[in-house]
1. Go through (1) part of a loop (DSSP other than H, G, I, E, B); (2) at pLDDT 95 or above for residue 80 and report which single condition fails.
2. Which one of the conditions (1) in a helix (DSSP H, G or I); (2) among the hydroxyl-bearing types (Ser, Thr, Tyr); (3) over 16 Å from residue 131 (Cα atoms) does residue 62 fail to meet, given that it meets all the rest?
3. Does segment 83-98 include one or more residues that are of a type in the set (Ser, Thr, Tyr), assigned by TED's automatic domain parsing to the domain that holds residue 64 and in a loop (DSSP other than H, G, I, E, B)?
4. Would you be able to say whether some residue in segment 108-117 is surrounded by 14 or more Cβ atoms within 10 Å (Cβ to Cβ), out of contact with any Asp or Glu (no Cβ under 8 Å at 6 or more places or on another chain), free of Cβ contacts under 8 Å to residues at least 12 places away in the same chain and outside any strand (DSSP E or B)?
5. Looking only at segment 92-127, which residues are farther than 23 Å from residue 50 by Cα and of a type in the set (Gly, Ala, Ser)?
6. In segment 81-100, which residues are surrounded by 20 or more Cβ atoms within 10 Å (Cβ to Cβ) and under 9 Å from the mean Cα position of the chain (by Cα)?
7. Quick check on my filter: what residues within segment 115-147 are over 21 Å from the mean Cα position of the chain (by Cα) and over 20 Å from residue 78 (Cβ atoms)?
Amino acid sequence: MISNQSLSLSLWAALALTLVIAACPVTSTNAEANQKALGGVEPADLNDEEVKKAVDFAVETYNDLTNDLYISKPIQVMSAGQQVVVGKNFYLRIKLGRTTCTKGQFVDLADCPFNEQPYEKETAICNFEINTVSWENKISMTNISCYTS
């Protein structure tokens, strides 16, 4: 016959084992699920300094590449994603608007108002792919595609 003391001890052991199992985090054994975030594109925080630098670089590059007399600046960052690679890739979709400032002027872009004249007003939506390697202080445009809107 089982004594009350050994039954009580068995119940305590079962309770302790249950608590240990409940406290352990569940881990996936599916390698594909564990690697989903590795190298995947994730949303980027527009307030992050690296993202702001990538946006500034994208706009500067856009202005360097266009033959427009006027400087364009962002109206809206429509989407931003990031991917960890050797460094980081940023995927930006930006709506740009033409300003009243010409490319020959040395002004702060924030001080340039958008051009509201019907014959001068122009917007473009651009997709930028930018690669940064922060520890080497490198940034480059890997792809750009734009269309006027």
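The values are calculated or read from the model by the stated rules, or taken from the named source; none is laboratory data. Just so it is clear, the structure is predicted and the values come from calculations on it, not from any experiment. Neighbour counts run over all protein chains shown; Cβ positions are idealised from the backbone, glycine included.
1. Result: residue 80 fails condition (1) only.
2. (3)
3. Scanning segment 83-98 turns up no residue that is of a type in the set (Ser, Thr, Tyr), assigned by TED's automatic domain parsing to the domain that holds residue 64 and in a loop (DSSP other than H, G, I, E, B).
4. The answer is no, given that none of the residues of segment 108-117 is surrounded by 14 or more Cβ atoms within 10 Å (Cβ to Cβ), out of contact with any Asp or Glu (no Cβ under 8 Å at 6 or more places or on another chain), free of Cβ contacts under 8 Å to residues at least 12 places away in the same chain and outside any strand (DSSP E or B).
5. 104, 124
6. 82, 90, 92
7. Filtering segment 115-147 down to residues over 21 Å from the mean Cα position of the chain (by Cα) leaves 115-123, 147.
Listed by number, the residues that qualify are 115, 116, 117, 118, 119, 120.
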